[in-house]
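Asks: If you scroll down you'll find the structure; I have some questions about it.
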Ligand code: FEO
């Protein structure tokens, strides 16, 4: 495969992984992913920025051969996670004179995860520069966007920024340049939700930093290259904002229909009062949709059935995932139905408690919801409306 030139001797040398079904064994992929790697040919030295996911290393190395890359002086490791660094051991075998360039935190990761010899690694910090002759690489450490070892590499003369995982998408392509579409936006948002949202505050900071840099292109480690950086930066500015949208998320498990009846009632009444809703069947619906909802939702109402004497394990799992992804939601409540007894909400409340949400009085019913229970649901709706009004959303 001939490498596509992105700009003035900067080439795309990554690969698509079209059939990968799931990433991080967490959220299903709809469009596969790409592992991006960039070849930068300076007048004196050649560098490669990030390498390849190990299962695809043979194809990656063969492509380097087919494109006549016989000498590499520097291999920049923007991040230690193995979808980008996992081919480093084979790279230093293939290019024995190459020096791996990374930050101090990533150095430790490369040594412990890949057994890279210390003497092969050059450590850089923010604003350090490396000359390739007519091109200069400048490094910007971006810790916790998303790992502590993350850094960006800026190619000064070309005004392009390699942003590692940041601003990426699980997406594949024939032409490396992004074409804005609903499909790309959905992939980028799902990717943000799963990978970046737990680090929202840091992401927000680096969105502004990159906006201020006024770069010509953004070259992420997954998904297409952005020739119009504002497209992805504006999406991130929205997703990372402190304010949620006028949206209630309603993930639920319903064994015999009682919970779904309550969830449906809440959806109907909230919609009537001008609040958007996302009803999510935890067992049947795509987790990615809920993850994207968590990017925007202000309120979460979980519905759960009872299994033995506690909440359904699938609802516990969703509460845990939400606590890990750290959404910007501010309010939570629970509805649930039980048959003979137990504690429905204690564990869920404890898990979601990590998010410091304001909890609105939960509603627990025995069997099917009665007229009395629907009156309680009306009070829940009114309370949510009030909270959204006070938050300036209605
Ligand atoms: Fe795509 Fe954090 O690795």
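Asks: With respect to residue 109, is the statement that it is within 16 Å of the ligand (Cβ to nearest atom), in a helix (DSSP H, G or I) and over 22 Å from residue 15 (Cα atoms) true? Explain how you work it out, then say what you get.
Replies: Numbers: within 16 Å of the ligand (Cβ to nearest atom): yes; in a helix (DSSP H, G or I): yes; over 22 Å from residue 15 (Cα atoms): yes.
Criteria met by residue 109.
Asks: Of all the residues that make up segment 153-182, how many are away from the ligand (no atom under 16 Å from the Cβ) and more than 19 Å from residue 230 (Cβ to Cβ)?
Replies: Count: 6.
Asks: Now a separate question. Quickly run through segment 125-139 and pick out the residues that are touching a helix residue (DSSP H, G or I) at 6+ places or on another chain (Cβ under 8 Å) and either surrounded by 20 or more Cβ atoms within 10 Å (Cβ to Cβ) or in a loop (DSSP other than H, G, I, E, B) (or both). Show your work before the answer.
Replies: Taking segment 125-139 as the starting set, the residues that turn out to be touching a helix residue (DSSP H, G or I) at 6+ places or on another chain (Cβ under 8 Å) are 125, 129, 134-138.
Hits for segment 125-139 are 125, 134, 135, 137.
Asks: Still on this structure, please answer the following. Within segment 79-95, track down each residue that is surrounded by 24 or more Cβ atoms within 10 Å (Cβ to Cβ), part of a loop (DSSP other than H, G, I, E, B) and over 17 Å from the mean Cα position of the chain (by Cα).
Replies: Result: 87, single match.
Asks: Out of curiosity, is residue 278 under 29 Å from residue 84 (Cα atoms) and touching a strand residue (DSSP E or B) at 6+ places or on another chain (Cβ under 7 Å)? Talk me through it step by step, then tell me what you get.
Replies: Details: under 29 Å from residue 84 (Cα atoms): no; touching a strand residue (DSSP E or B) at 6+ places or on another chain (Cβ under 7 Å): yes.
No: the conditions fail for residue 278.
Asks: Does segment 251-268 contain at least one residue that is within 16 Å of the ligand (Cβ to nearest atom), part of a helix (DSSP H, G or I) and out of contact with any strand residue (DSSP E or B) (no Cβ under 7 Å at 6 or more places or on another chain)? Talk me through it step by step, then tell me what you get.
Replies: Quick first cut of segment 251-268, residues within 16 Å of the ligand (Cβ to nearest atom) only: none.
The answer is no, given that none of the residues of segment 251-268 is within 16 Å of the ligand (Cβ to nearest atom), part of a helix (DSSP H, G or I) and out of contact with any strand residue (DSSP E or B) (no Cβ under 7 Å at 6 or more places or on another chain).
Asks: Could you tell me whether any residue of segment 316-339 is more than 27 Å from the chain's Cα centre (by Cα), surrounded by fewer than 20 Cβ atoms within 10 Å (Cβ to Cβ) and not in a helix (DSSP H, G or I)? Full working, then the answer.
Replies: Restricting attention to segment 316-339, the residues satisfying the condition of being more than 27 Å from the chain's Cα centre (by Cα) are 335-339.
Keeping just the survivors that are surrounded by fewer than 20 Cβ atoms within 10 Å (Cβ to Cβ) gives 339.
Now narrow it down to the ones that are not in a helix (DSSP H, G or I): 339.
Yes - at least one qualifying residue is present in segment 316-339.
Asks: Among what's in segment 65-77 and is part of a loop (DSSP other than H, G, I, E, B) and out of contact with any helix residue (DSSP H, G or I) (no Cβ under 7 Å at 6 or more places or on another chain), pick the residue that is nearest to the ligand (Cβ to nearest atom).
Replies: Within segment 65-77, the subset part of a loop (DSSP other than H, G, I, E, B) is 67-73, 77.
Within this subset, residues satisfying the condition of being out of contact with any helix residue (DSSP H, G or I) (no Cβ under 7 Å at 6 or more places or on another chain) are 67-73.
Details: 67: 23, 68: 28, 69: 23, 70: 28, 71: 27, 72: 21, 73: 24 Å.
Here the answer is 72.
Asks: Does at least one position in segment 24-42 carry a residue that is part of a strand (DSSP E or B), away from the ligand (no atom under 16 Å from the Cβ) and within 22 Å of the chain's Cα centre (by Cα)? Walk me through how you get there before you give the answer.
Replies: Filtering segment 24-42 down to residues part of a strand (DSSP E or B) leaves 27-28, 33-35, 38-41.
If we keep only those that are away from the ligand (no atom under 16 Å from the Cβ) as well, we get 28, 39-41.
Among the residues that remain, those that are also within 22 Å of the chain's Cα centre (by Cα) are: 28.
Checked against the condition, which is being part of a strand (DSSP E or B), away from the ligand (no atom under 16 Å from the Cβ) and within 22 Å of the chain's Cα centre (by Cα), segment 24-42 yields at least one hit.
Asks: Can you go through 78, 159, 63 and tell me which one is touching a residue at least 24 places away in the same chain (Cβ under 8 Å), farther than 22 Å from residue 2 by Cβ and out of contact with any strand residue (DSSP E or B) (no Cβ under 7 Å at 6 or more places or on another chain)?
Replies: Values: 78 fails: out of contact with any strand residue (DSSP E or B) (no Cβ under 7 Å at 6 or more places or on another chain); 63 fails: farther than 22 Å from residue 2 by Cβ.
Only one candidate qualifies: 159.
Asks: Is at least one residue of segment 219-232 closer than 30 Å to residue 300 by Cα and without any contact (Cβ under 8 Å) to a residue 60 or more places away in the chain?
Replies: For segment 219-232, residues closer than 30 Å to residue 300 by Cα and without any contact (Cβ under 8 Å) to a residue 60 or more places away in the chain: present.
Asks: Which number in (1) touching a helix residue (DSSP H, G or I) at 6+ places or on another chain (Cβ under 9 Å); (2) within 14 Å of the ligand (Cβ to nearest atom) marks the one condition that residue 56 misses?
Replies: (1)
Asks: Same structure again: What number of residues in segment 340-370 are surrounded by fewer than 13 Cβ atoms within 10 Å (Cβ to Cβ) and farther than 19 Å from residue 256 by Cβ?
Replies: Going through segment 340-370 one residue at a time, the tally reaches 5.
Asks: Also, I was wondering about something else. Only one of (1) under 30 Å from residue 286 (Cβ atoms); (2) buried (at least 18 other Cβ atoms within 10 Å of the Cβ); (3) in contact with a helix residue (DSSP H, G or I) (Cβ under 8 Å, 6 or more places away or on another chain) is not met by residue 29, so which one is it?
Replies: (3)
Asks: Right, another one. Test each condition in (1) surrounded by fewer than 20 Cβ atoms within 10 Å (Cβ to Cβ); (2) under 30 Å from residue 32 (Cβ atoms) for residue 109 and report the one that comes out false.
Replies: Failing condition for residue 109: (1).
Asks: Being at pLDDT 95 or above, surrounded by fewer than 18 Cβ atoms within 10 Å (Cβ to Cβ) and under 20 Å from the mean Cα position of the chain (by Cα) narrows it down to one residue among 264, 285; which is it? Talk me through it step by step, then tell me what you get.
Replies: Details: 264 fails: under 20 Å from the mean Cα position of the chain (by Cα).
Of the residues listed, the single one that is at pLDDT 95 or above, surrounded by fewer than 18 Cβ atoms within 10 Å (Cβ to Cβ) and under 20 Å from the mean Cα position of the chain (by Cα) is 285.
Asks: Same structure, new question: Please go through segment 156-191 and pick out each residue that is out of contact with any helix residue (DSSP H, G or I) (no Cβ under 9 Å at 6 or more places or on another chain), farther than 21 Å from residue 51 by Cα and part of a loop (DSSP other than H, G, I, E, B).
Replies: Correct list: 179, 181.
The values are calculated or read from the model by the stated rules, or taken from the named source; none is laboratory data. Owing to the predicted nature of the structure, the values given are computational and were not obtained by experimental measurement. Cβ atoms come from the backbone with ideal geometry, glycine included; neighbour counts cover every protein chain shown.
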